[in-house]
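What follows is a set of notes on a single structure, which appears directly below.
The values are calculated or read from the model by the stated rules, or taken from the named source; none is laboratory data. The structure displayed is predicted, hence computed values, not measured ones. Glycine also receives a Cβ, built like all others from the backbone with ideal geometry; neighbour counts cover every protein chain displayed.
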Amino acid sequence: MKPLAFRMRPKQLEEIIGQKHLVGEGMIINRMVKARHLSSMILYGPPGIGKTSIATAIAGSTDTAFRSLNAVVNNKKDMEIVAEEAKMSGKVILILDEVHRLDKAKQDFLLPHLENGRIILIGATTSNPYHAINPAIRSRCQIFELKPLEPEEIEEAIEHAIKDRERGLGNQNIDLEEEAKAHLARSCGGDVRSALNALELAVLSSEKDDDGIIHISLKDTEQCIQKKSFVHDKDGDAHYDVLSGFQKSIRGSDVNAALHYLARLIEAGDLVSINRRLLVIAYEDIGLASPQAGPRTLAAIEASERLGFPEARIPLANAVIELCLSPKSNSAYSALDAAISDLRSGASGDIPAHLRDAHYKGAKNLGRGLDYKYPHDYESGWVQQQYLPDKLKNKKYYTPKKTGKFEQALSQVYDNLNKKK
């Protein structure tokens, strides 16, 4: 017998649980199906949230023939069979799992059939289509992002599976404790497939009582599901989303959010990404507002690398909290980026003659180094002279921020120097 999650896949759009932003009344996929006017689409999101189920339900809600293939398992010849059927019938819906794994030969074969509309592609993928799918395929498809199901929606799917006599467990007398149901819904990380398969395992591994009832307790479900607190794939979107949330939380001085994302990265065992991002943050987001944050972060990084997990979490926690609560400034690298921008746009000019290298015979004959004023010869250690090329002599790239005592002091010096010019 096929797994419960497979048997419970929706056959019609109305059976889909969750994803109301796509399949709810008046939403785009719902409207497409009702109008009987489907266009090729790519459904993407984490595993187990209904991509293939929605694809199957869309196809089942129309009167168009559909075929299901897998971009890895099935070859070009399998696609040729679908194309031939489309030629005979006029149109075929092709549900293609792992669409991001299409090789060039399969892509090249599919493109003209997508172009003329004979094959309507419904691709499913866990990878961001904008990163992982060939632009030629992507440009011919609508892209829809699916969201992890909420615990209440998972509970609805569990109840439906228990009551369904045709495809579910409705032919058995099951007593599922409320706490057990809630645990399944919370611990699956929005993955309905995981919740249903754990439910089925709990049922199959439990004995009936004298009245023929199968009692499923919280303890039973705890043994049957591996707790998922979040979705994280080091090579996928979730990895970069967590890192982005991590840096933006530190930049926004939200200690609790930053520690949450740090915990997710630690649970994924991703010390390399944590350390690289922390060092970037220390110089990109803290910068001159607290220059000592950089060396201290590097020391914490080196300590974490020597310790390894689980102890590495200790110096990391120290670094994250310090960076969160440090004053913030991006003035230094913003100033450099402005200078680079000018350079790339052609605003450069010649280096003033008095600044050019004069450490060679004949330099004076070329006017090199003449009239250069050596600042150390002056009591204040500073003397007015032009350093920028003529084209940029009045340009100011650095705009100090007043977010930390160190940069406030730098700002005062900077302002004083500018007043003397």
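For region 173-187, name all the residues that are loosely packed, with under 15 Cβ neighbours inside 10 Å and touching a strand residue (DSSP E or B) at 6+ places or on another chain (Cβ under 6 Å).
Once the filter is applied, which keeps residues that are loosely packed, with under 15 Cβ neighbours inside 10 Å and touching a strand residue (DSSP E or B) at 6+ places or on another chain (Cβ under 6 Å), region 173-187 yields ASN173, ASP175.
For ALA105, only one of the following conditions fails: (1) surrounded by fewer than 14 Cβ atoms within 10 Å (Cβ to Cβ); (2) part of a loop (DSSP other than H, G, I, E, B); (3) touching a helix residue (DSSP H, G or I) at 6+ places or on another chain (Cβ under 7 Å). What is its number?
Status for ALA105: all satisfied but (2).
Would you point out which residue out of LEU69, LEU43 is part of a strand (DSSP E or B), within 19 Å of GLU153 (Cβ to Cβ) and either of a type in the set (A, V, I, L, M) or in contact with a His (Cβ under 6 Å, 6 or more places away or on another chain) (or both)?
LEU43
Looking for something of a type in the set (S, T, N, Q), part of a loop (DSSP other than H, G, I, E, B) and modelled with pLDDT of 90 or more - is there at least one such residue anywhere in region 214-221?
Let us first name the residues in region 214-221 that are of a type in the set (S, T, N, Q), namely 217, 221.
With the extra rule that they be part of a loop (DSSP other than H, G, I, E, B), the set shrinks to 217.
Subsequent filtering for residues that are modelled with pLDDT of 90 or more retains 217.
Yes, because at least one residue in region 214-221 is of a type in the set (S, T, N, Q), part of a loop (DSSP other than H, G, I, E, B) and modelled with pLDDT of 90 or more.
Please enumerate the residues belonging to region 190-213 that are assigned to a loop (DSSP other than H, G, I, E, B) and without any contact (Cβ under 8 Å) to a residue 60 or more places away in the chain.
Those that are assigned to a loop (DSSP other than H, G, I, E, B) and without any contact (Cβ under 8 Å) to a residue 60 or more places away in the chain: SER205, SER206, GLU207, ASP209, ASP210, ASP211, GLY212.
For region 313-421, give me every one of the helices (runs of 4 or more DSSP H) that falls completely inside it and has 2 or more residues that are over 30 Å from VAL272 (Cα atoms) and within 38 Å of the chain's Cα centre (by Cα).
331-344, 405-420
Tell me, which residue of region 361-409 that is within 21 Å of TYR333 (Cα to Cα), without any contact (Cβ under 8 Å) to a residue 12 or more places away in the chain and among the polar types (S, T, N, Q) is surrounded by the most Cβ atoms within 10 Å (Cβ to Cβ)?
Here the residue is GLN408.
Do we find a residue being in contact with a Phe, Trp or Tyr (Cβ under 6 Å, 6 or more places away or on another chain) and crowded, with 16+ Cβ neighbours inside 10 Å anywhere in region 351-360?
Yes, that holds for at least one residue.
Say whether the condition of being surrounded by 14 or more Cβ atoms within 10 Å (Cβ to Cβ) and of a type in the set (D, E, K, R) is met by at least one residue in region 31-38.
No; the residues of region 31-38 include none that is surrounded by 14 or more Cβ atoms within 10 Å (Cβ to Cβ) and of a type in the set (D, E, K, R).
Test LEU69 against the criterion of being modelled with pLDDT of 85 or more, buried (at least 20 other Cβ atoms within 10 Å of the Cβ) and closer than 30 Å to ASP191 by Cα, and give yes or no.
No.
Of the residues ALA289, ALA312, ALA258, which single one is in contact (Cβ under 8 Å) with a residue 40 or more places away in the chain, buried (at least 19 other Cβ atoms within 10 Å of the Cβ) and touching a Cys at 6+ places or on another chain (Cβ under 7 Å)?
Answer to the selection: ALA258.
Are any of the residues in region 63-79 in contact (Cβ under 8 Å) with a residue 60 or more places away in the chain and either of a type outside the set (Val, Ile, Thr) or within 24 Å of PHE109 (Cβ to Cβ) (or both)?
The answer is no, given that none of the residues of region 63-79 is in contact (Cβ under 8 Å) with a residue 60 or more places away in the chain and either of a type outside the set (Val, Ile, Thr) or within 24 Å of PHE109 (Cβ to Cβ) (or both).
For region 306-336, name all the residues that are among the hydroxyl-bearing types (Ser, Thr, Tyr) and over 16 Å from PHE246 (Cβ atoms).
SER329, SER331, TYR333, SER334
Can you name every residue in region 20-51 that is β-branched (Val, Ile, Thr), at pLDDT 85 or above and under 15 Å from GLY123 (Cα atoms)?
ILE29, ILE42
Out of ALA317, ALA300, ALA332, ALA293, which single residue is under 22 Å from LEU410 (Cα atoms) and assigned by TED's automatic domain parsing to the domain that holds ARG277?
ALA293
For region 1-19, which positions are modelled with pLDDT of 90 or more and loosely packed, with under 14 Cβ neighbours inside 10 Å?
PRO3
Would you point out the residue of region 250-306, among those that are of a type in the set (Ser, Thr, Tyr) and at pLDDT 95 or above, that is nearest to PHE406 (Cα to Cα)?
Going through the qualifying residues, I end up with TYR283.
Pick from region 115-132 the residues that are part of a helix (DSSP H, G or I) and farther than 11 Å from MET41 by Cβ: which of them is farthest from the chain's Cα centre (by Cα)?
GLU115
Which residue is farthest from the chain's Cα centre (by Cα), if the candidates are limited to region 30-54 and must be more than 20 Å from GLU150 (Cα to Cα) and touching a residue at least 60 places away in the same chain (Cβ under 8 Å)?
LEU38
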